[in-house]
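Read the structure below first, then the notes.
The values are calculated or read from the model by the stated rules, or taken from the named source; none is laboratory data. Predicted model, so just to flag it, every value in this text is computed and none were measured. For neighbour counting, all protein chains shown are included, and Cβ atoms are generated from backbone atoms with ideal geometry for every residue, glycine included.
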Amino acid sequence: MDFVLILHNIMRWVVMVLAIYVLVRMYTGLFGKKEFVESDHKSLSWFAISMDVQLLLGLVLYIGGSWWQNSVRFFAMEHIGVMIVAWVLAHVAVITAKRATTPAGKFKRGAIYATLAVIAVLVAIPWPFLSYGRPWLPGF
């Protein structure tokens, strides 16, 4: 289980880098009145895929009982609940952006739902300064 926890901790940085990347693409496209191109759609998709991997690793930890190590309430309820909401929002960003008919609509929907997903992720992270927090780079 320690290996999965290390992967889960590394993957959070991948998720955050892709989150920043997708937000920059969505907002520069929206405010710059750009055309929504395939790479914009792929940025949303890669963000959602990174959330898929992170959720899978988190579920392995959850089923394996690793959430008992710190705060039961946070990891058993709040963390997993809010992260599932973030995962759903990331996928809604991909789907609604794809279904919009105008480039502005695609960027707007992608930006709104990706932003909400990122906010949910930030709320549910076990920050190091919290009593149940995790270090920035555990396992190293």
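Below, the figures for the structure above:
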read-out: Ala104, sole failed condition from (1) in contact with a Pro (Cβ under 6 Å, 6 or more places away or on another chain); (2) surrounded by fewer than 18 Cβ atoms within 10 Å (Cβ to Cβ); value: (1)
read-out: Search result, residues across segment 1-34 that are under 16 Å from Thr102 (Cβ atoms) and loosely packed, with under 12 Cβ neighbours inside 10 Å; value: Phe31, Gly32, Lys33
read-out: Residue match in segment 117-131 (condition: among the hydroxyl-bearing types (Ser, Thr, Tyr) and either over 28 Å from Asp2 (Cβ atoms) or buried (at least 16 other Cβ atoms within 10 Å of the Cβ) (or both)); value: no
read-out: Near pairs, Cβ below 8 angstrom, 6+ apart or cross-chain, from segment 82-95 (over 12 Å from Asp52 (Cβ atoms) and of a type outside the set (A, V, I, L, M, F, W, C)) to any residue that is surrounded by fewer than 21 Cβ atoms within 10 Å (Cβ to Cβ) and at pLDDT 95 or above; value: none
read-out: Only listed residue being more than 15 Å from the chain's Cα centre (by Cα) and of a type in the set (A, V, I, L, M, F, W, C), chosen from Ile80, Ile63, Ile84; value: Ile63
